[in-house]
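Read the structure below first, then the notes.
The values are calculated or read from the model by the stated rules, or taken from the named source; none is laboratory data. Bear in mind that the values here come from a model prediction, so they are computed numbers and not experimental data. Please note: Cβ atoms are built from the backbone with ideal geometry, for glycine as well, and neighbour counts cover all protein chains shown. Protein only, heavy atoms only, side chains kept; ligands, DNA and RNA dropped before computing areas. Shrake-Rupley method; radii C 1.70, N 1.55, O 1.52, S 1.80 Å.
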Amino acid sequence: MKKLMAANWKMYKTWGEAEATARDLVDLAASKLPEDREVLVFPPFTALKAVSDILNPVDGFSTGGQDYYYEDEGAFTGEISPVMLADVGAAYGLTGHSERRHVLGEDDECVGRKTAYGLSRGLKVILCIGELIEERRAGRVHEVLERQLRIGLGGVPGDLDPEQLSVAYEPVWAIGTGEVAGPTEIVEAHAFIRKNLISLFGKKANEIRILYGGSVKPDNCGDIIALDNVDGVLVGGASLHGESFSRIVLA
Ligand code: PEP
């Protein structure tokens, strides 16, 4: 199973800035990319075609959409569909990012519909889950993760190809804060997620990648990626520059 090194550029970068960063990333990382690594970039929608044109021809590199709606087309002002993402070169879609949940108000049911729909349309989907700091302090981490997995994956058929789905564990208190979760917290949460995935999909769930996200940086990525059940990382802030993200990719 290749480790998936994913960059979430959020609402940053104009078209030109995104192109320049994608080119930097290829220049710095493409020739040294180990066989067992895959690089994925989620640019803003407006730069997806430009970044796909740069990354998709490079071995081991691909792009994805940060969000999408659960229809192919229709009167859904402001929305974008999995078909439209694929049309501009995206292989992946992201669902349930904490900013979609906690800033933009998406609930578990909405995240679940998006996850199942994207998979049904041939996108590879990364479902993000993770607890708030209040939930961790109240000892509710397992309860939150179990619910987000059960509802978030509720519509996914049992005959799922495990390579199509990844889960990103992103404790909300570690996102954009500089406060990375400790190794014990990461290993414990990832083992719990693996156990739940196995109860949903059986043994093949061992092939579903579980990523860690939350203040991953060039100097902590090597240690995080070596932990049990950590099959990749999802990176926000430190992915915005080719220099720092290439060091993460190669860590
Ligand atoms: C993210 O946006 O998914 C994320 C993990 O951000 P950061 O790396 O900045 O914490």
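With each pseudo-label sitting 7 Å past Cα toward Cβ, what's the residue 243-residue 200 distance in nm, one decimal?
4.0
Could you work out how far the C-alpha centroid of the stretch 154-185 sits from that of the stretch 70-92, in angstrom?
For the stretch 154-185 versus the stretch 70-92, the Cα centre distance is 23 Å.
If every alpha-carbon in the stretch 27-177 counts as one equal scatterer, what log10 I(q)/I(0) does Debye give at q = 0.10, 0.13, 0.17 1/Å?
The calculated log intensity ratios at q = 0.10, 0.13, 0.17 Å⁻¹ are -0.38, -0.63, -1.02.
Given +1 on the Cβ of Lys and Arg, -1 on the Cβ of Asp and Glu, and no further charges, what dipole in debye does the chain carry about its Cα centre, rounded to the nearest 20?
Approximately 280 debye in magnitude.
If a paramagnetic tag sat 7 Å from the Cα of residue 142 along the Cα-Cβ line, which residues of the stretch 171-215 would have the backbone N under 20 Å from that point?
Label zone hits: 171-172, 182-202.
Suppose all protein chains stay in the model; what accessible area per residue would a 1.4 Å probe give for the stretch 3-249, in Å²?
43
Carbon and sulfur atoms: what percent of the 1.4 Å accessible area of the chain do they account for?
Taking all protein chains in place, the chain shows 52 percent carbon and sulfur surface.
Which of the lysines could a cross-linker bridge to residue 32, judged by Cα under 16 Å and excluding same-chain residues fewer than eight apart?
Residue 32 reaches 2, 3.
Keeping all protein chains in the complex and leaving out DNA, RNA and ligands, what accessible area do you get for residue 192 with a 1.4 Å probe, in Å² to the nearest 10?
Ignoring ligands and nucleic acids, residue 192 comes out at about 30 Å².
Could you give the length gained on full extension between residue 27 and residue 15, defined as 0.36 nm per residue of separation minus the Cα-Cα distance, in nm?
2.5 nm
What would the Debye equation give as log₁₀ I(q)/I(0) for the stretch 24-63 at q = 0.14, 0.22, 0.33 Å⁻¹, counting only Cα atoms as equal point scatterers?
-0.28, -0.66, -1.21
Search the structure for amide H atoms under 5 Å from the amide H of residue 7, placed 1.01 Å from N in the peptide plane, and list their residues when 5 or more places away or on another chain.
Those qualifying (amide H under 5 Å, at least 5 residues apart or on another chain) are 40, 41, 42, 235.
To the nearest Å, what is the center-to-center distance of the stretch 201-251 and the stretch 19-38, using C-alpha atoms only?
15
Order the peptides 164-172, 44-52 from the highest to the lowest mean number of other Cβ atoms within 10 Å of their residues.
164-172, 44-52
Starting from the Cα of residue 103, step 7 Å along the direction of its Cβ; do the same at residue 223; then give the gap between the two resulting points in nm.
Distance between label points: 2.8 nm.
Enumerate by residue number the GluC sites (Glu not before Pro) in the stretch 1-84 meeting two conditions: DSSP loop (anything except H, G, I, E, B), and at most 16 other Cβ atoms within 10 Å of the site's Cβ.
Hits after loop and neighbour filter: 35, 71, 73, 79.
Taking a virtual spin label 7 Å from the Cα of residue 163 along the C-beta vector, which residues in the stretch 59-83 bring their backbone nitrogen under 18 Å of it?
Once the point is set 7 Å along Cα→Cβ of residue 163, 59-64 turn out to lie under 18 Å by backbone N, inside the stretch 59-83.
How would 1, 11 line up by accessible area, probe 1.4 Å, largest first?
Final ranking, largest accessible area leading: 11, 1.
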